1. At 0.36 nm per residue, minus the direct Cα-Cα distance, what do Thr214 and Asn96 gain on full extension? Give it in nm, one decimal, please.
2. Using only Cα atoms, find the angle between the long axis of helix 210-222 and the longest principal axis of the chain, and express it within 0 to 90 degrees, rounded to the nearest 10.
3. Total Lys pairs in the chain closer than 22 Å by alpha-carbon, pairs eight or more apart in sequence or interchain only?
4. Relative to the Cα centre, what is the charge dipole magnitude of the chain, using +1 at the beta carbon of each Lys and Arg, -1 at the beta carbon of each Asp and Glu, and rounding to the nearest 20 debye?
5. Calculate the dipole size of segment 1-125 relative to its Cα centre from +1 charges on Lys and Arg beta carbons and -1 charges on Asp and Glu beta carbons; express the result in debye to the nearest 20.
6. Between Val69, Val130, Val163, which gets the highest mean-square fluctuation from a Gaussian network model of the chain, Cα cutoff 10 Å?
7. Which Cα, out of Ala107, Leu141, Ser38, lies furthest along the positive dipole direction of the chain (beta carbon charges, K/R +1, D/E -1)?
8. Please give the contour-minus-distance gain from His58 to Gln154: 0.36 nm per residue of separation, less the Cα-Cα distance, rounded to one decimal in nm.
Amino acid sequence: MQDRFVSGKVIEMTHFNGGCFAVKVQAPIPPFFAGQFSKLGLMIDDKLISRAYSFISHPDDNFQEFYLVEVEDGLLSPRLKALEVGDEVFLYKNANGLITHQRLPEAKNLWFWVTGTGVGLALSLLKDPVIRNKYQDFVVLHGVTDSSKIHYQQELRELGDNVHYYPVVSREPQSSLLQGRITHFYQGLEAQIPQPLRPEHSHIILCGNPAMITDANTLLGEHGFRKHRMREPGHITMERYW
Ligand SMILES: Cc1cc2nc3c(=O)[nH]c(=O)nc-3n(C[C@H](O)[C@H](O)[C@H](O)COP(=O)(O)OP(=O)(O)OC[C@H]3O[C@@H](n4cnc5c(N)ncnc54)[C@H](O)[C@@H]3O)c2cc1C
Ligand SMILES: NC(=O)c1ccc[n+]([C@@H]2O[C@H](COP(=O)([O-])OP(=O)(O)OC[C@H]3O[C@@H](n4cnc5c(N)ncnc54)[C@H](OP(=O)(O)O)[C@@H]3O)[C@@H](O)[C@H]2O)c1
C-alpha cells in the first residue's frame, strides 16, 4: 500500500471557523485534472491511514491544497487538522475521479448542489478555464448547518458575473441567508438566476453528504433529470463523500 503514496511536506495550514481548515502540501505527484481527488495519509500506529480529499488547488499550481472539516471522533481528519508547517504527510501518487471537463457533458448552464466541504469540488472546477468556457452560467447552492461553515464565498463570487453562489443554512434561524436544505430550493431561485435548472439545458453536480445526494436524485428524477454516464448521457453527476 505504502508504495502507492509519496511523501510530501505541509507548507501552509489555514484554520477557519466551524472546524474547517485547508492543508497546503508540496509532494511530487503526476499531473491531475480539476475536479479530481487524491488521498492524504498519515502513519498511525505504524499503519498508513488515508482518506480521499478533493483538490482545491489548480493543477498548474506548484502545491496541492485541500479543504477539510474535522469530523469529531474521526480517525484521520482530527490528526490532519493538528498538522503543522514542515510536517510529513503522504499523498496518493495518482489522482482519481471522473468529474473532469472531459467527462462533463455539454449544456447551457452548470449547477452544483453541494454540502459542507463538498464546495471544494465546485471551487476546483470553477477555477478551471476549460470548464468556464464550456458553460454560460454557473449556479452553486451550498448547504451548511450555519454560517461558520462558509469560507470560500468571496473567491467564488470573484470568479465572474456568471458565477452565482448561494449559501443555504439549515440550523441558523436568525440568519439573513437562504434557510433550509438546498433541495428545498429547486426552482425557488428563478427570479434571481438568468438560466433556470431544467434537464433541457442544465447539468448538475451533487457532492457531499450522501443523504442529500439520495434525496436530490429522487427530486431531480421526478423532474426529468437522469444520471449521466459516458455511454448514456444524462444530467446528474455525483460524488458521495461518505
Ligand atoms: C471522493 C471523496 C472525496 C472527498 N473529499 C473530501 C474533501 O475534499 N474534504 C473533506 O472534508 N472530506 C472529503 N471526503 C471525506 C473524507 O475522505 C473522510 O471521510 C473524512 O475526512 C472523515 O475521515 P475520518 O478518518 O476523520 O473519519 P472516519 O473515522 O473515517 O469516520 C467517517 C465518518 O465521518 C463522517 N464524515 C466523513 N466525511 C465527512 C464530511 N466531509 N463532512 C461531515 N461528515 C463527514 C461520516 O459520518 C463518516 O461515516 C471525501 C470522500 C470521498 C469519498
Ligand atoms: N471541530 C469543530 O469545531 C466542529 C464543529 C461543528 C461540526 N464539526 C464536524 O463537522 C462535520 C460536518 O458536519 P455538518 O453537520 O456541517 O455536515 P453535514 O451533516 O453534511 O450537513 C451539511 C448540510 O447538509 C444538509 N443535509 C443533510 N442531509 C440532507 C439531505 N438529505 N438533503 C439535503 N440536505 C441535507 C444539512 O442539513 P440539516 O442541518 O437539515 O441536516 C446541512 O445543511 C461533522 O462531522 C462534525 O463532527 C466540527
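1. This chain segment gains 40.2 nm when fully extended.
2. 20
3. The result is 23.
4. Working: 24 positive and 27 negative charges, 133 e Å.
I would put it at about 640 debye.
5. Details: 11 positive and 14 negative charges, 79 e Å.
That gives segment 1-125 a dipole magnitude of about 380 debye.
6. With Cα springs under 10 Å in the chain, the top fluctuation among Val69, Val130, Val163 is at Val130.
7. Towards the positive end, the residue furthest out is Ala107.
8. Values: separation 96, 0.36 × 96 = 34.56 nm, distance 1.72 nm.
Computed gain between His58 and Gln154 is 32.8 nm.
Any read-out appearing in this document is the output of simple, stated calculations on the displayed coordinates, not a laboratory observation. This one's a predicted model, so the numbers in the text were calculated from it and none came from an experiment. When we count neighbours, we look across all protein chains shown, and the Cβ atoms used for this are built from the backbone with ideal geometry, even at glycine.
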